[in-house]
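Below: the structure, in structure tokens.
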Amino acid sequence: MIDVDVLLVGAGFAGLRALYTMRSRGMRVTVLEASADLGGVWYHNGYPGARCDVESYDYSYRFSSELEQEWRWSERYAQQPEILSYIRHVAERFDLRKDIEFNTRMIGAHFDEDTSRWVVEGGDGRRWAARILMLCVGQLSTTKRPDIPGQNQFKGEIYHSGEWPLHEVSFAGKRVGIIGTGSSGMQMTPVIAPQCAHLSVFQRTPNYSIPAANAPVSEEEDRAVKANYRSRREQAANSPSGLGFIPNKKSALEVTPEEREQVYEAGWNRLGFGFALSYYDILLSKPANDTAVDFIRRKIGKLVADPTLRAKLLPADFPFGARRPSVDSGYFQTFNRSNVSLVDLRETPIEHFTERGIRTSAGEHALDMIIFATGFDAFTGSLLKPQITGRNGMTLKAKWENGPVTQYGVAVSGFPNMFIVVGPGSPSLLSNVMVSTEEQIDWLAALLDKMDKESLVEFEATEAGESAWTEEVQARAKETLYWTTPSFYNGAEIAGKPRVFMPYSGGVRGYRRLLQQCAAEGYSGFELRPASGRLARNTGIQTMTPPGQG
Ligand code: N01
């Protein structure tokens, strides 16, 4: 058994930041990473056109101003290879690789109540004992491959956007089919279309998208951001989404149609996701949202020449933003190409794969390559893959049978000293995850500082605390339009998954204040114990119950 202070799982953005921070506190840290190299989702999502839809300067670490100053982003929205280069640069610069065990999947972990340590099992049979278990496994890292019959019969190539191979994939002369029109499908469509013989896009639900207005970053822009990076970070941390956009304080319904049109027009080719904050109530009120939908449909409509195709591509039956919109670079225009066709799965559903392609209710589409851009088992997929067992033999799977229950998205009662980074119940995918990730890791570091100072051994969410928080997450979602639409925010992407709302929709700033308040109140909603639960009970040591705790 290998003894460490912190066992971290996942070497993506969150895992590397956690490694840096925990090691800087003098802790012995080991990271288990199932893949052969760094990057997490950015390692696996190497499909053509993959890029971040958060601006590069904001989708980067804030913990080191030297790093901020020395790294030069080339585009407003970085492509996947550039993001991977950044991650690798960070690992080299802070000498992080030496503590990472690659090709090592955590298959299980259980909390030993006698020693108050997590015993973690690697897929290769090795075992680690750790005081703290930190799960940095990502929210969109377990891919979803629909259960379409006949997949084994297909004789061509099959790929998934989230498990893209490391080798070069050639599209030349091939008939390619993409299933799925979320962000991944919308990003790859305009890039693959010019490279292949024919592209068929299999669409079930037309999706909203805002133009990325991507552009190279000029020297002048780079200097301007770097001269004011601290205030840019502050602004991001104090914005609802962590993207730095402050919502317009006006309602979309209180202004004249002319003024509204001007505001939407000004934001359309500039704001990306920020377009959703053109008015404060776009994500809160259906009538307000309808004004944005009307504008977006008109804009998209102008991009598609053929009226029948246009009608099929226009999103209609859910509010803008209620499912995650895309930020695209020429997606809709791609359908004007003569080598691109849309297969509307609502009219002609997929029946099965054949040797030669995909059969829908209207007939066979002959293909050489099929790409699943069908998304992920979001939020909980990767947390529930390993067998994680807390106190009294309770597994996380059993505990979350009816949906994830967490205190602030970071901890679970019954699972002492286990910390989830950007887990369900935190702003997570409703925020710039970089902001949420760094916020949570710094918060944990402060908690561990306090525990060390006061010789405390365990932290654990209380049941009352996590129940109240889980209700709060649902209550906040019900105030929004997110609630109205089936999506991966509420478990609708996987048949049989509990239908609960998973990310906290109260905003990054509000969430940070709650974390700060929790710490100021002596970590309300958590128990901090001077010994393991069993030891404390056996020896009569009083469990410390901080004030303000339920
Ligand atoms: O996945 P999705 P994604 N038959 O779940 C369709 C992040 N991301 O990989 O809507 C046919 O959004 C499904 O149809 P429907 C980002 O957070 C980030 O595109 O369920 N179709 C939908 O069209 C994003 O939101 C970046 O009817 C089926 C699509 O597949 C998230 O990843 C870049 C189907 C899935 O869309 C996921 O995006 C790219 C079936 N059986 C992605 N099952 C960044 O920039 C599903 N679909 C950071």
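In table form, for the structure just shown:
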quantity	calculated
Of all residues making up the stretch 153-203, the number that are within 11 Å of the ligand (Cβ to nearest atom) and aliphatic (A, V, I, L, M)	5
Residues of the stretch 205-223 classified as away from the ligand (no atom under 16 Å from the Cβ) and either in a helix (DSSP H, G or I) or among the β-branched types (Val, Ile, Thr) (or both), total	6
Only listed residue being more than 21 Å from residue 202 (Cβ to Cβ), surrounded by fewer than 22 Cβ atoms within 10 Å (Cβ to Cβ), touching a strand residue (DSSP E or B) at 6+ places or on another chain (Cβ under 9 Å) and of a type in the set (S, T, N, Q), chosen from 339, 269	269
Selection within the stretch 459-487 - within 19 Å of residue 242 (Cβ to Cβ) and either touching a helix residue (DSSP H, G or I) at 6+ places or on another chain (Cβ under 8 Å) or surrounded by 23 or more Cβ atoms within 10 Å (Cβ to Cβ) (or both)	473, 477, 482
Residue within the stretch 46-57 that is outside the structural domain of residue 214 (by TED's automatic domain parsing), closer than 19 Å to residue 136 by Cβ and either within 16 Å of the ligand (Cβ to nearest atom) or out of contact with any Pro (no Cβ under 6 Å at 6 or more places or on another chain) (or both) present	yes
Yes/no for residue 298 being among the basic types (Lys, Arg), surrounded by fewer than 17 Cβ atoms within 10 Å (Cβ to Cβ) and closer than 22 Å to residue 431 by Cα	no
Count of residues meeting criterion [in contact with a strand residue (DSSP E or B) (Cβ under 8 Å, 6 or more places away or on another chain) and over 22 Å from residue 375 (Cα atoms)] in the stretch 474-510	0
Residue among 311, 288 that alone is free of Cβ contacts under 8 Å to residues at least 40 places away in the same chain, in contact with an Asp or Glu (Cβ under 6 Å, 6 or more places away or on another chain) and either on the phi < 0 side of the Ramachandran plot or not hydrophobic (A, V, I, L, M, F, W, C) (or both)	288
Lone unmet requirement of (1) away from the ligand (no atom under 13 Å from the Cβ); (2) without any contact (Cβ under 8 Å) to a residue 60 or more places away in the chain; (3) over 30 Å from residue 8 (Cβ atoms) for residue 150	(2)
Qualifying residue in the stretch 492-508 (condition: within 12 Å of residue 403 (Cα to Cα), away from the ligand (no atom under 16 Å from the Cβ) and in the same structural domain as residue 404 (by TED's automatic domain parsing))	yes
Failed item, numbered, when residue 14 is tested on (1) of a type in the set (A, V, I, L, M); (2) surrounded by 24 or more Cβ atoms within 10 Å (Cβ to Cβ); (3) away from the ligand (no atom under 16 Å from the Cβ); (4) closer than 22 Å to residue 439 by Cβ	(3)
Among (1) surrounded by 22 or more Cβ atoms within 10 Å (Cβ to Cβ); (2) touching a strand residue (DSSP E or B) at 6+ places or on another chain (Cβ under 6 Å), the one test that residue 456 misses	(1)
Filter result for residue 260 (in contact (Cβ under 8 Å) with a residue 24 or more places away in the chain, crowded, with 16+ Cβ neighbours inside 10 Å and outside the structural domain of residue 511 (by TED's automatic domain parsing))	yes
Residues satisfying the stated conditions in the stretch 172-207, i.e. among the small types (Gly, Ala, Ser) and in contact with a Lys or Arg (Cβ under 9 Å, 6 or more places away or on another chain)	180, 182, 183, 193, 197, 200
Within the stretch 208-244, considering residues that are among the polar types (S, T, N, Q) and at pLDDT 95 or above, the one nearest to residue 363 (Cα to Cα)	209
From the options 118, 73, residue that is touching a residue at least 24 places away in the same chain (Cβ under 8 Å), within 16 Å of the ligand (Cβ to nearest atom) and not β-branched (Val, Ile, Thr)	73
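Residues checked against (1) outside the structural domain of residue 16 (by TED's automatic domain parsing); (2) closer than 22 Å to residue 354 by Cα; (3) surrounded by fewer than 21 Cβ atoms within 10 Å (Cβ to Cβ):
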position	(1), (2), (3)
115	no, no, yes
122	no, no, yes
134	no, no, no
156	yes, yes, yes
159	yes, yes, yes
167	yes, no, yes
187	yes, no, no
209	yes, no, no
216	yes, no, yes
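The values are calculated or read from the model by the stated rules, or taken from the named source; none is laboratory data. Keep in mind that this is a model prediction, so the values were computed, not measured. We place every Cβ from the backbone using ideal geometry, glycine too, and count neighbours over all the protein chains shown.
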